[in-house]
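Let me begin by presenting the structure, written as structure tokens, before commenting on it.
Every number here is computed from the coordinates shown, using simple stated rules; none is lab data. Just so it is clear, the structure is predicted and the values come from calculations on it, not from any experiment. Note: ideal-geometry Cβ built from the backbone for every residue, glycine included; neighbour counts use all protein chains shown.
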Amino acid sequence: MKMMLTRPERLALLLHLMGDEATEMARQDLSGEALEELDQALKDFESYPPSQEEVDMVLGDFEDYFHMALQTVDKKLSTPEDEQQDDDDGPKILQIAEESFDVEIEPTKRFTPPKLTGDTVRDLNLMHPYQVAQALKNENPVATAIVLRKLANEHAAKTLEFLPEAVRPNVFLQLAQPLSVTTLIQERILNKALQLSLQVEERETEQETTSQMANLMRSLPRALRKPMLDELEKRDSDLAETVRNQLYRFEDIEKLGDRDLQKLLGQCQTDALVCALQQVDESLLTFILSNMSKRAKESLQEEMEFKTNATEEEIMEARGSIAKILAGLCEAGEVKID
């Protein structure tokens, strides 16, 4: 029994486990001595089947290089009939009652570790969908689809929802493809997904993430943050919009010069301004009123006296709308915050 495998032998054994098409794809990228060594190793495995110890060692390497290995199964692989797995004949874990799963959407700060059963598929279904999604968010869509197939329907749907927006379409398309990865590879992927899911102990809400990104952006000059926001826009337009909206705050009005403040006020709806100025600091109110014409100031003060019962939610919404106008003017270079 071999105690050590050379690099060509490790590659040959991994390809041997993954099937003929994966082997042929790998051979097409090799030539010369490297191709000869691979072919010789494959021939040796036909005459001398690998031991379980050698299989475990190579699959351990496969886990360490998860992304690289899965690129070779991105296309449909041919698999021996005795290793093919028909979803209809597989374990009916998908029929577990939906109420057995914790699939709420509300933010959860910390996850309580589930009582593991030793059954990888069942234990994955006991994990919160957010944990599974975090474990899979950087993985190959093929691997992610393999895991989703083993989750209860609602659990799989929530896991897909928690995946990054840019990842979801590719994973969904993989779910429509026939499953032709060997059972052994599937088991390794599921085990790895469970291990990674268990490492996700705390959930960070999107609001916290975007706030951190916005605070970081606020400390950068506009010339530096614009290309960063443009790149984020390409990858995740919704996240970019959320971060952009948090870059500027209503309180930033105090940092405007007189002329810039007048330009901002000229684009604000009176109703929004009346609501936003309720409960505001006296210094900010004085600053704003001092940059309005006498008629506009008297009209605003009159309406503010009339409307004094705005809710906290209405006030925040009005201030947010003004901050959004401020953001547009600043990003366009029309006004400047000192």
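Projected over all directions and averaged, the alpha-carbon convex hull of segment 207-338 occupies 8.3 nm². With R₀ fixed at 30 Å, the C-beta to C-beta distance from ASP238 to GLN262 puts the FRET efficiency at about 0.35. Computing FRET efficiency as 1/(1 + (r/R0)^6) for ASN191 and LEU35, where r is the C-beta to C-beta distance and R0 is 25 Å, gives about 0.15. Given points 7 Å out from each Cα along the Cα-Cβ axis, report the THR112 to SER219 separation in nanometres with one decimal. In this crude label model, THR112 to SER219 measures out at 3.8 nm. Using 0.36 nm per residue and subtracting the Cα-Cα separation, the extra length available between ARG27 and SER51 on full extension is 6.3 nm. On the principal axes of its alpha carbon atoms, segment 118-249 extends 53, 29, 22 Å, with the longest extent given first.
Sorting 300-312, 129-141, 233-245 by their mean Cβ neighbour count within 10 Å, with the most densely packed peptide first, gives 129-141, 233-245, 300-312. Please find the FRET efficiency linking LEU198 to ASN170, where r is the Cβ-Cβ separation and R0 is fixed at 22 Å, and quote it to the nearest 0.05. That pair, LEU198 with ASN170, gives E of 0.30. The label-point distance for LYS297 and ALA157, in a model that sets each label 7 Å from Cα toward Cβ, rounds to 5.9 nm.
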